[in-house]
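Below: one structure, written as structure tokens.
Laboratory data are not the source of any read-out in this text; all were calculated from the coordinates shown. If you're wondering where the values come from, they're calculated on a predicted model, not measured in any experiment. Neighbour counts run over all protein chains shown; Cβ positions are idealised from the backbone, glycine included.
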Amino acid sequence: MPFLLLTLLFFTLSNAALDPDSVYQSFLECLPLNSPESADNLSSVVYSSTTNSSAYTAVLQNYIKNKRFNTSSTPKPSVIITPTTESQVQAAVLCAKKLGVQIKIRSGGHDYEGISYVSTEPDFVILDMFNFKTIEVNIEDETAVVGAGAQLGELYYRIYEKSGKCIRTSF
């Protein structure tokens, strides 16, 4: 009898871990504990397909640059987190680790292999860095500091803006 109860408890807990609402609620509880500034604007940085589905769909689809990963058969994350501060990034990583959920980092759209969009894990979250688009170009030093969410075209534009010259690249 105790074995049956333990088995039933295990299956109940494992099914809860696969529930997107459960993952979403767990992040809502965990993020403020690891980043106090997150408590104020959680609804604007944490998205779930079941809770705020239209915003979730918009964030998911608007930042997929390779349309092969925007199909109905593509695995979808349980939660998308769009941090606006570095401490929210840290909190999201810590919470994913605490919750045992795989985290995928989506940045400036240069992931043509889809590593940041999909997972073989049933539950995963996307940490979307699109809010980190800052680009600082120093022409004299020939350096640039580029945020993780910046796209290549934005970088080229900022270099052109500062230098007045077109850029030639070879890959």
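Would you pull out the residues with amide H under 5 Å of ARG106's amide H, same chain only if 5 or more places away, H placed 1.01 Å from N?
LEU127, ASP128, MET129
Classify the stretch 21-88: rounded, prolate or oblate, from the alpha-carbon gyration tensor (a ≥ b ≥ c, eigenvalue square roots; a/c under 1.5 rounded; otherwise prolate if a/b is larger than b/c)?
Since a/c reaches 1.5 and a/b is larger than b/c, the shape of the stretch 21-88 is classed as prolate.
Can you pull out the trypsin sites (Lys or Arg not before Pro) in the stretch 33-70 whose DSSP state is coil and whose Cβ has at most 16 other Cβ atoms within 10 Å?
LYS65
Counting only C-alpha contacts under 8 Å and six or more residues apart, can you give the relative contact order of the stretch 56-118 as a whole percent?
Contact order relative to length: 45 percent.
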